[in-house]
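Undergrad: I have a structure here, written as structure tokens, and I will follow up with some questions on it.
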Amino acid sequence: QVQLVESGGGLVQPGGSLRLSCAASGSIFRLFGMNWYRQAPGKQRELVAAITSGGSTNYADSVKDRFTISRDTAKKSVYLQMNSLKPDDAAVYYCNADAATYGDYRSRNYWGQGTQVTVSS
């Protein structure tokens, strides 16, 4: 089993910055793609940013040039640097990853519990 634990959410004023972190733990044989999703009240969960095991990245149009996803393979962690935050960015942000565990070795998808980001003056 794999656990994903997010941290770094909170309250920030419009135009401010936050850095989210997600650490993976468990009997991890290999981590593949790692992603950040978000879900605002009354809206569907959406993909914000993705990073492959090779470091290739992809962003939702709404966050391009403002958010940066990165990962630290040794720490089994993924990060989301969020700059120039807008009220529309307010949501619960979820870490998501594909991983294979020892004994199973098949890629499975895992979710974190989410961290709240509030953008308000």
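Values quoted throughout were computed directly from the atomic coordinates according to the rules given, and no laboratory measurement underlies them. Being a predicted model, the structure only gives us computed values, none of them experimental. Neighbour counts are summed over all protein chains in view; Cβ atoms, including those assigned to glycine, are modelled from backbone coordinates with ideal geometry.
Undergrad: Evaluate the charge dipole of the chain about its Cα centre and quote only its size in Debye, nearest 20, assuming +1 on the Cβ of each Lys and Arg and -1 on the Cβ of each Asp and Glu.
TA: Numbers: 13 positive and 9 negative charges, 33 e Å.
Charge dipole, the chain, about its Cα centre: 160 debye, nearest 20.
Undergrad: What is the projected area of the convex hull of the Cα atoms of the stretch 1-60, averaged over all directions, in nm²? Walk me through the intermediate numbers first.
TA: Numbers: hull surface 22.2 nm².
It is 5.5 nm².
Undergrad: Can you give the FRET efficiency for Gln13 and Gln81, using 1/(1 + (r/R0)^6), R0 = 22 Å, r = Cβ-Cβ distance, to the nearest 0.05? The partial results should precede the final answer.
TA: On the way: r = 17 Å, r/R0 = 0.76.
It comes to 0.85.
Undergrad: Taking R0 as 22 Å, what's the FRET efficiency between Gln116 and Asn58 from their Cβ-Cβ distance, rounded to 0.05? Don't skip to the end; give the middle numbers.
TA: Numbers: r = 24 Å, r/R0 = 1.09.
Given R0 = 22 Å and the Cβ-Cβ separation, E is 0.35.
Undergrad: Full extension from Val5 to Asn109: what is 0.36 nm times the residue separation minus their Cα-Cα distance, to one decimal in nm?
TA: Numbers: separation 104, 0.36 × 104 = 37.44 nm, distance 1.43 nm.
Taking Val5 through Asn109 to full extension adds about 36.0 nm, to one decimal.
Undergrad: For Lys86, enumerate residues with amide H under 5 Å from its amide H, sequence gap 5+ or separate chain, H modeled in the peptide plane.
TA: Gly15
Undergrad: Continuing with this model, one more query. Tell me, rounded to the nearest percent, the portion of alpha carbon pairs in the chain spaced more than 23 Å apart.
TA: Details: 1912 of 7260 pairs.
Value for the chain (Cα pairs over 23 Å): 26 percent.
Undergrad: Ok, one more. Per residue of the stretch 20-28, in order, report the coupling 6.51 cos²θ - 1.76 cosθ + 1.60 (Karplus, θ = phi - 60°) as ³J(HN,Hα) in whole Hz, putting x for Gly and Pro.
TA: 8, 10, 9, 10, 9, 9, x, 8, 8
Undergrad: Continuing with the same structure: Counting trypsin sites (Lys or Arg not before Pro) as exposed when in a DSSP loop with at most 16 other beta carbons within 10 Å, what is the longest stretch of the chain free of them? Spell out each step's value before the answer.
TA: On the way: sites that count: Lys43, Arg45, Lys64, Arg66, Lys75, Arg106.
Looking at the chain, 1-42 is the longest stretch - no exposed trypsin sites (Lys or Arg not before Pro) with at most 16 other Cβ atoms within 10 Å.
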